[in-house]
Amino acid sequence: MMRKRWWRIGVISTAVLALIGVSAAPANAAPQQTWRSFGISQVSVFHGVPATPLDVYVNHIRVLNDFQPGTFAGPYLLPSGTYRLAITAADARNDSSPVIGPVTVSFARNTSYTVAAHLTAAGAPTATVFTNDLSKTPYGQGRLVVRHTAAAPAVDVLAGGTPVVRSLTNPNQAALVLPAGTVNAAVALAGTTAPVIGPAAVPVVSRQNTIVYAWGSASAGNLTVAVQTLRQGSLLSFPWMTRH
């Protein structure tokens with residue numbers, strides 16, 4: 001499985017390099033001379049549109065096929081820069097008629113992102129680019145991030161029945177630094193304590209980001225959560241990519 005994952009990363013990175021016009025280095029040039037002018041971005045993708053498999057296109061190239069709701073892809077390492085993103089139905093032949101986009105997204109060097117395909121508060125498909133704060137928390141503590149990507153009004157996040165995040169609206173996020181352990185978390189409509197999602201045991205790991213996405217639709221009765229974990233610290237990259 002790990003070999004397959006790295007193969008996919010290599011294919012996507014090569015396709016993106018070709019699309020943005022990075023020419024091959026001369027035969028006698030060191031590899032880092034081509035890469036030194038580019039920063040590296042870490043990009044993940046979250047699918048939060050219920051009951052709708054999707055395809056994801058970057059610069060007109062399909063990079064994710066039949067992407068299933070509630071799942072994540074990545075993280076991938078890409079050259080920092082600007083990309084055209086379009087998300088289509090899974091049976092689309094190309095990205096000429098996207099259900100989301102096309103949108104232009106910019107990824108800064110040495111920065112981590114998650115692109116979320118989800119519903120607006122009113123229930124329309126959309127995409128949001130979240131920046132992942134990978135700065136290190138103190139040893140023995142982790143970062144719990146909650147992202148509202150559901151077709152639902154403002155919510156409160158409860159820990160042990162007590163609100164710890166209030167009036168979080170779509171498509172915003174809130175972050176807490178907590179001791180490593182397990183949080184009994186739930187989501188309730190703002191100003192109430194009756195859970196509409198959960199409660200569920202959410203692990204908080206030392207020096208790791210645990211990112212919880214509230215997604216789905218309140219009116220359709222399918223609100224749920226998906227959890228992404230990212231290691232804090234420097235981006236995962238090849239050694240020569242980080243030399244400057």
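The values are calculated or read from the model by the stated rules, or taken from the named source; none is laboratory data. As the structure is a prediction and not an experimental result, all values here were calculated from the model. A quick note on method: Cβ atoms are made from the backbone with ideal geometry, for glycine too, and the neighbour counts reach across all protein chains shown.
Just a few scattered comments:
- Subset of the range 131-144 [within 18 Å of the chain's Cα centre (by Cα) and outside any strand (DSSP E or B)]: Asp133, Leu134, Ser135
- For the range 152-168, the criterion of being assigned to a strand (DSSP E or B) and either within 15 Å of the chain's Cα centre (by Cα) or in the same structural domain as Val49 (by TED's automatic domain parsing) (or both) is met by no residue.
- Evaluation of Ala152 against the conditions (1) buried (at least 20 other Cβ atoms within 10 Å of the Cβ); (2) within 27 Å of Ser80 (Cβ to Cβ) shows that the sole unmet condition is (2).
- Residues satisfying the stated conditions in the range 150-179, i.e. hydroxyl-bearing (Ser, Thr, Tyr) and touching a residue at least 40 places away in the same chain (Cβ under 8 Å): Thr169
- Exactly one residue out of Asn132, Asn170, Asn209, Asn184 is surrounded by fewer than 17 Cβ atoms within 10 Å (Cβ to Cβ) and of a type outside the set (D, E, K, R): that is Asn184.
Yes/no per residue for (1) farther than 21 Å from Ala122 by Cα; (2) among the acidic types (Asp, Glu); (3) touching a Ser or Thr at 6+ places or on another chain (Cβ under 8 Å):
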residue: Ala186; (1), (2), (3): yes, no, no
residue: Thr192; (1), (2), (3): no, no, no
residue: Ala218; (1), (2), (3): no, no, no
residue: Ser234; (1), (2), (3): yes, no, yes
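- Flag for Arg147 being in contact (Cβ under 8 Å) with a residue 12 or more places away in the chain, in a strand (DSSP E or B) and under 21 Å from the mean Cα position of the chain (by Cα): yes
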